[in-house]
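Beneath this line is the structure, given in structure tokens, with notes to follow.
Read-outs: derived from the displayed coordinates by stated rules, not from any lab. Since the structure is predicted, the reported quantities are computational estimates derived from the model, not experimental observations. All Cβ positions, glycine included, derive from the backbone under ideal geometry; neighbour counts span all protein chains shown.
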Amino acid sequence: LVRLRARLARSQNAFGKTLLGLLSRETLDDDAWEELEDTLITADMGAAVARQVTDDLRTRVQVLGTRDPAQVRELLKDELVKQIGADLDRSLATEPHGNRPAVLLVVGVNGTGKTTTCGKLARVLVGDGRTVLLGAADTFRAAAAEQLETWGSRVGAQVVRKDEGTDPASVAFDAVRQGIESKVDTVIIDTAGRLHTKTGLMDELGKVKRVVEKQADVDEVLLVLDATTGQNGMQQARVFAEVVNITGVVLTKLDGTAKGGIVVQVQRELGVPVKLVGLGEGPDDLAPFEPEAFVDAILG
Ligand code: GDP
């Protein structure tokens, strides 16, 4: 928790302070509650959710007649955790099936942190004693394969790559084949995030998925979203959700924004849980998303 708090954007901790500051005012009048609602909207939580949190909290504070800061903090925490969804299944399917590795596809727009997330996730799994193979199916960006190779040697994972411009599906196919041959536990495939046209993207990701499924099940399709891009990121997410069956979201760059409320919006709109969060560029800056710890870290 201390680490999480240290790595969240400073502005996010300031956001928590603002909320608690509002609630510790001498008089909690309409203005104060409105300000609370506005602050939640500013954090990208979405207007409807901000309204609900405010209304529910207001009712509870009034019913209990409490102004005890510790109790008010708990009530606020409770409301936020409820909106984030304390009971969603956020587990990652990374276990092999018999002699087949688990296969994870990592999708998202370029620049969101896909390649970095693949590397960091490999690091977590290798740290847990698993064997991992990284497939560099982002063949459109010159540096992507090299970047993934660097991550591979850094964290101790095999890497399958081909020349720039190769069909991504062929890299994905080879990655899974090599994963099966060398009996690794988990294959993580980094894909290209070209949002040129929706049908183009659909064809590309669809083909990658189909060739993988000739050899093994796809266990997870993780959508990587950059938390700093706000509504723009939400728009991208909608397109990807129409094109592939996303099983989880990775929200990156939470160290660089106060807009952590996007977690709530993403989950509501896409109907899939945020499973992981990126908290920096380093190998250990990926964490499972835990609503309680997250809200605790924000509220300080
Ligand atoms: P891709 O094009 O989606 O594969 O994106 P990359 O993995 O190349 O990442 C783009 C940039 O974002 C790189 O400079 C990464 O170091 C940086 N990045 C990725 N994840 C995070 C994160 O969680 N926090 C921060 N601050 N930077 C990140």
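Here the contact order of the chain, divided by its residue count and restricted to Cα pairs under 8 Å and six or more residues apart, works out to 27 percent. Peptide packing: for 274-281, 292-299, the average count of neighbouring Cβ atoms within 10 Å per residue gives the ranking 274-281, 292-299, highest mean first.
Considering only E181, E26, E79, the mean-square fluctuation computed in a Gaussian network model of the chain, springs between alpha carbons under 10 angstrom, is largest for E26.
For the pair K214 and L88, a Förster radius of 30 Å applied to the C-beta separation gives a FRET efficiency near 0.45, rounded to the nearest 0.05.
Normalise the Debye intensity by I(0) for segment 95-237, one equal point scatterer per Cα, no solvent, then take log10 at q = 0.14, 0.17 Å⁻¹ and round to two decimals. After summing over all Cα pairs, the log10 values are -0.58, -0.86. The residue list A216, V106, A48 was ranked by how far each Cα lies along the charge dipole of the chain toward its positive end, using unit charges on Cβ atoms, and A216 comes out on top.
With a 10 Å cut-off between alpha carbons and a GNM built on the chain, which of I84, I262, I180 moves the most? Fluctuation is largest for I180. Taking max minus min of the alpha-carbon positions on each principal axis, segment 40-168 gives extents of 65, 32, 24 Å, largest first.
Taking label positions 7 Å along the Cα-Cβ direction at both A14 and S170, the computed distance is 5.1 nm, reported to one decimal.
The modelled label-to-label distance for the pair A70/S153, using points 7 Å beyond Cα in the direction of Cβ, is 5.4 nm. DSSP assigns beta bridges within the chain; of those with both partners inside it, close to 15 percent run antiparallel. Measuring between their Cα centroids, segment 231-300 and segment 25-83 lie 22 Å from each other. Of all the options D30, D219, D285, the one that moves most in a Gaussian network model of the chain with Cα springs shorter than 10 angstrom is D30. Our summary gives segment 119-216 a relative contact order of 33 percent, counting only alpha carbon pairs under 8 angstrom and 6 or more residues apart.
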